[in-house]
Amino acid sequence: MTTLTAHVVGRADEVPVGEGRAFTAGGTPVAVFRLRDGSLRAVAAVCPHAGGPIADGQSDATVVVCPLHLNAWRWDGTPTTDAAPLPVYPVREEAGTLVVEV
Amino acid sequence: MTAILGAGTRAVAELEPADTRARIVVVGNGMAGARLVEEVLERDGGRDFRIIVFGDEPHGNYNRIMLSPVLAGEADEADIVLNSHDWYAERGVELRAGVRVERIDTVAKVVHAADGTATPYDHVVLATGSHSFIPPMTGVRTASGDLLPGVVGFRTIDETREMLAAARTHRKAVVMGGGLLGLEAARALQAQGMAVELVHAMGWLMNAQLDAEAGAVVRRSVEELGITVHTDAMATEVLGTHRVTGVVLKDGRTLDCDLLVVAAGVRPHTDVAVRSGIEVERAVLVDDRMATDVPDVYAIGECAQHRGTVYGLVAPAWEHATVLADLLTGANPGAAYTGSRTATKLKVAGVDVAVMGVSTPERDTDEFLVISEPKRGVHLSVVVRDDRLVGATLVGDTRKVAFLTQAFDRGTPLPAERIKLLVDLSDGEAEVGVAELPGDSQVCNCNGVTKDRICGAVAEGCTSLPKVMDATRAGKGCGSCKGLVQRIVEWAADGALTEEESASWYVPGVPMPKPELIAAIKEHDLRSVSAVFATLARGGQEDAKSKMGLASLLKMIWGADYVTEPDATFVNDRVHANIQRDGTFSVVPQMKGGVTTPDQLRRIADVAEKYDVPMVKVTGGQRIDLLGIRKEDLPKVWADLGMPSGYAYGKSMRTVKTCVGSDFCRFGLDDSTQLGIDLETRFQGVESPAKIKMAVVGCPRNCAEAYVKDVGVVATGKGRWEVYVGGAAGASVRKGDLLATVSTPAEVLELTGRFLQLYRENGNWLERTYDFVPRFGVDRLKAVLLEDSEGLCAALDEGIQRSVDAYTDPWARDLAEPASPGQFRTSLPLTVLPRVPVR
């Protein structure tokens with residue numbers, strides 16, 4: 001089993017409500033989203049289908065949609081299309097910073 | 001009814017004495033001649049040519065193919081009128097109906113008619129068609145040479161009327177000729193209540209198109225209608241002194257009748273050509289330019305013989321007309337007619353028949369496949385030569401005609417098991433074309449989805465089209481394959497398809513069709529996408545894939561009062577640029593009407609160098625595209641350009657292409673450039689269900705392709721503008737529908753605004769105008785926009801004005817103040833962009 005390492009990737013206020021922003025967590029590019037209920041989600045920043053920028057995608061409480069070909073993944077990483085799964089990472093807010101475990 | 005087809009009493013319109021246009025004289029006003037006139041006018045030939053048409057019949061132009069339905073009582077005479085006398089008058093075409101041309105003086109270049117007139121010509125076109133062939137029979141003509149009363153050919157509306165009159169007062173008809181026309185006449189007269197006997201000289205019916213077995217199948221079907229058929233039967237004598245009373249056959253039998261219809265074939269009308277010294281064999285000889293051996297004399301249609309062939313179908317005649325119109329008007333000086341591959345599909349005597357190419361094998365190596373089920377009235381055969389379909393005959397079952405026609409016309413590959421050409425072995429009921437599609441053939445080219453993948457999705461439980469599209473992404477690219485995807489899904493689901501309730505919804509996340517949704521948004525005063533979800537979505541749930549459509553709709557409804565939310569907006573609209581495959585963006589500055597300046601070009605060049613832009617490309621919409629811009633560079637690029645956004649990324653009004661119009665062009669009729677700039681200025685940035693592309697051209701040469709735009713405007717001279725809507729030249733190609741012809745640029749702007757607003761309020765999300773216009777209906781569109789039939793115009797004008805007023809340049813706006821923190825941060829932090837190769 002792989003152990004996860006926590007990384008401070010940025011400030012919590014860098015991710016506006018409803019949008020996604022990309023960061024690097026120990027050499028791994030991650031896209032962090034703040035949902036409309038204020039909660040955070042972190043997924044791989046690069047889509048497994050064609051390398052699309054996930055942080056530019058639109059999202060809701062259930063899914064994130066890649067802007068290039070509109071593939072969608074649930075927040076557990078499972079695809080709604082026949083694309084490969086999207087890696088997901090634990091994320092939390094700690095003293096005004098964003099912490100992602102990779 | 002008779003008034004429409006009645007004799008023309010209208011005086012020929014006086015033409016201006018100073019008319020210096022070249023003269024085209026058309027001899028013959030049938031389907032070929034009239035089509036030529038239409039084609040010439042369509043190429044704006046009315047400007048350069050004065051057109052004079054001679055017609056033997058005293059009528060306007062009518063659809064001869066439809067005479068059978070008229071005879072059968074299934075169509076009215078009014079239904080078959082193609083062009084009335086008024087049609088000719090309105091277009092300045094001089095129609096001399098009921099005037100027979102006697103001869104052409106090809107040296108003096110004058111047409112002499114039976115009414116004593118002499119009409120000079122620059123070009124003369126013979127379109128004299130054919131006449132019924134009356135075989136030599138004793139007693140068929142009276143002493144004066146006319147046909148015996150009660151004997152009638154089947155070629156003209158007058159003959160049709162005569163038969164209809166006879167059917168009311170007489171009981172028994174004999175039809176001579178078991179070809180197409182004869183069978184049609186027999187069935188029609190039988191439907192009119194007459195007892196009908198069919199006499200055919202050859203061994204089987206339709207011998208010109210069918211082999212003996214197929215002919216036998218047709219015979220069975222005809223006899224089942226109650227028509228008596230005599231084959232190998234030649235009529236030698238017509239009985240009766242004042243009116244026909246019967247015919248005598250060669251074998252001595254006599255058939256009583258009081259109506260004799262002669263449909264024993266047609267012969268080309270070549271008298272005028274022969275009298276004028278033009279070369280004639282079976283018909284008037286023409287080359288690939290439809291030209292006879294005499295300069296400036298042409299022949300088209302059934303009276304023309306091209307490369308040894310005389311055609312008796314309408315399709316080749318229309319091809320002749322198109323080629324000749326191209327040549328005469330100069331629209332395509334290289335146009336050439338090289339022959340037609342004729343494929344026909346028709347219903348003859350109640351039987352579906354489709355015929356193409358040869359009907360029987362002609363070489364030892366020809367493959368010949370026949371399926372004959374006389375009991376069911378079905379006879380199918382194909383002839384294959386060198387792996388290509390060279391002929392097919394389908395009687396009684398024409399379900400495979402689409403596939404076979406395609407194989408015949410285009411030489412597409414044939415299934416190795418030839419029987420699949422004629423029957424679907426897997427499923428006899430399947431949609432033609434889908435069943436035989438190989439599993440690994442790509443259906444959706446945009447997303448690379450095969451038929452197998454679609455079938456797989458259905459097998460996995462996707463029981464509706466939207467679900468299959470979601471699962472496979474088939475049909476979600478350009479959308480042009482959607483129809484095929486739907487047919488495959490239907491075929492694979494085998495009737496177990498469920499109709500998605502959501503099919504009528506504007507977006508999947510809010511359960512309402514567009515009109516209800518608009519009403520609810522207004523009623524609840526919902527000004528942001530999140531407010532719409534909270535109030536109208538099931539359980540208040542937001543839906544990512546619905547956001548873009550809702551944002552567009554709200555902007556349309558509220559204009560400047562719309563509450564923007566960055567997360568409701570697609571990335572393109574958030575950063576006002578078009579995302580590319582590597583995550584970079586393309587930047588297209590506004591260049592109204594495609595007009596630019598040295599200063600703009602200098603600035604664009606400087607930006608391209610400063611930001612290492614990998615590709616600078618001239619777009620199809622007459623602008624300049626800077627491709628491969630990094631997201632974080634976007635604001636700097638805008639600032640350095642100092643030009644407004646060209647909206648090349650939005651579901652919105654994009655660009656207005658123009659030609660150089662009257663300022664510089666030798667042919668320009670009006671100032672198309674200025675009108676294009678005015679249109680783009682007025683409607684810049686207006687959001688809509690899908691992108692909107694416009695064009696304005698200064699003459700019908702259409703250099704800026706206005707006929708294939710969402711809105712296309714064409715100058716026709718004398719200050720008049722034609723407004724076309726619903727055109728397309730993308731994944732679908734469609735010529736726009738003429739909405740109206742107006743007299744001022746202001747009217748163009750008003751009408752365009754009304755059309756745009758109607759489309760914005762009624763078009764489904766991502767529905768282009770080329771789908772919207774046919775769905776809404778062109779006639780209704782005209783009624784609503786031109787006559788205000790539904791009282792909407794004031795509201796439409798107000799609605800579009802609200803959006804026009806709300807326009808701000810998004811580049812300038814976000815330069816002044818970013819829409820949200822980190823708006824232009826890279827989303828691919830570890831990837832070196834751009835990754836596209838630099839040329």
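What to note about this one:
- Greater than 30 Å apart at Cα, pairs in B:Lys617/B:Lys693; B:Lys617/B:Lys782; B:Lys467/B:Lys691; B:Lys482/B:Lys691: B:Lys617/B:Lys782
- Percent antiparallel among DSSP beta bridges (both partners in chain B, rounded to 5): 60
- Remark on B:Val697: its backbone amide H falls under 5 Å from those of B:Val713, B:Val714, B:Ala715, a criterion applied only to residues 5 or more positions apart or on other chains, H modelled at 1.01 Å from N.
- Mean residue ellipticity, 222 nm, helices only, chain B: the sum of -39500 (n - 2.57) across DSSP H runs of n ≥ 4, divided by residue count and rounded to 500, is -9000 deg cm²/dmol.
- Charge dipole (Cα centre; +1 on Lys/Arg Cβ, -1 on Asp/Glu Cβ; no other charges) of the protein assembly as shown amounts to roughly 1000 debye.
- Average beta carbon contacts from partner chains per residue of B:369-380, 10 Å cutoff: 0
- P(r) tail for the stretch B:504-569: Cα pairs beyond 20 Å make up 11% of the total.
- The mean number of Cβ atoms from other chains found within 10 Å of a Cβ in peptide A:41-54 is 3, as a whole number.
- With all pairs of different C-alpha atoms in the average, the Kirkwood value for the hydrodynamic radius of the stretch B:171-303 is 16.8 Å.
- Between 0 and 90°, nearest 10: helix B:180-191 axis offset from chain B longest Cα axis: 80
- Annotation: extensible slack from B:Arg701 through B:Glu460 equals 81.5 nm (criterion: 0.36 nm per residue apart, minus Cα-Cα distance).
- Positive-end extreme of charge dipole, the stretch B:151-264 - chosen from B:Thr241, B:His200, B:Phe154 (charges on Cβ): B:Thr241
- Spin-label pair B:Arg307/B:Leu830, simplified geometry with 7 Å Cα→Cβ offset, distance in nm: 6.4
- Normalised by 2.2 N^0.38 Å, with N the number of residues, the alpha-carbon radius of gyration of the stretch B:339-423 equals 1.02.
- Residues with amide H under 5 Å from that of B:Asp710, placed H, sequence gap 5 or more: B:Lys693, B:Gly727
- For the stretch B:471-626, a/c is not less than 1.5, where a ≥ b ≥ c are the root eigenvalues of the C-alpha gyration tensor, and a/b does not top b/c. That puts it in the oblate class.
- If the segment from B:Phe133 to B:Thr412 were pulled out straight at 0.36 nm per residue, it would be longer than the present Cα-Cα gap by 96.5 nm.
- Note on A:Glu94/B:Leu792: beta-carbon distance plugged into 1/(1 + (r/R0)^6) with R0 of 56 Å gives a FRET efficiency of 0.45.
- Both radii were evaluated on the Cα set of chain B; the Rg over Rh quotient, with Rh as the Kirkwood radius, amounts to 1.03.
- Dipole magnitude of the stretch B:343-421 about its Cα centre (Cβ charges: Lys, Arg +1; Asp, Glu -1), debye to nearest 20: 340
- FRET efficiency, 1/(1 + (r/R0)^6) with R0 56 Å, evaluated for B:Thr142 and B:Phe368 via beta carbons: 0.70
- Taking every DSSP bridge with both residues inside the protein assembly as shown, close to 70 percent are antiparallel.
- Under DSSP loop assignment and at most 14 Cβ neighbours within 10 Å, longest chymotrypsin sites (Phe, Trp or Tyr not before Pro)-free interval of chain B: B:134-666
- Gain on full extension, evaluated as 0.36 nm per residue between B:Lys250 and B:Arg168 minus their Cα-Cα distance, stands at 26.5 nm.
- Computed packing ranks the peptides B:653-662, B:251-260, B:134-143, B:517-526 as B:653-662, B:251-260, B:517-526, B:134-143, most packed first, by mean other Cβ atoms within 10 Å.
- Residues B:Lys782, B:Lys250, B:Lys555, sorted so that the one with the fewest Cβ neighbours within 10 Å comes first: B:Lys250, B:Lys782, B:Lys555
- FRET efficiency estimate (nearest 0.05) - Cβ-Cβ, B:Asp158 to B:Ala746, R0 51 angstrom: 0.50
- Straight-distance crosslink candidates among aspartates and glutamates, where the alpha carbon sits under 16 Å from B:Lys610 and sequence neighbours closer than 8 are dropped: B:Asp625, B:Glu632, B:Asp633, B:Asp640
- Volume of the convex hull of chain A (Cα atoms only), normalised per residue: 91 Å³.
- Relative exposure of B:Val563, B:Val686, judged by other C-beta atoms within 10 Å (fewest first): B:Val563, B:Val686
- Residue-count net charge about B:Ala212 - beta-carbon cut-off 14 Å; Lys, Arg +1, Asp, Glu -1: -1
- Amide hydrogen proximity for B:Val383: with H placed 1.01 Å from N in the peptide plane, the residues at 5 or more positions away or on another chain lying under 5 Å are B:Val390, B:Gly391, B:Ala392.
- Computed log10 I(q)/I(0) for the stretch B:653-805 at 0.12, 0.14, 0.20 Å⁻¹: -0.44, -0.60, -1.25, from the Debye equation with unit scatterers placed on every C-alpha and solvent omitted.
- Per the Kirkwood formula applied to alpha carbons, the protein assembly as shown shows a radius of gyration over Rh ratio, Rg over Rh, of 1.05.
- Per residue of peptide B:566-573, the mean number of Cβ atoms on other chains within 10 Å of the residue Cβ is 5.
- Residue exposure sequence - B:Leu126, B:Leu327, B:Leu830 - by fewest surrounding Cβ within 10 Å: B:Leu830, B:Leu327, B:Leu126
Coordinate-derived values only; no laboratory data. Remember, predicted model here, so these are calculated numbers, not experimental data. Every residue, glycine as well, gets a Cβ built from its backbone with ideal geometry; the counts of neighbours run over all protein chains shown.
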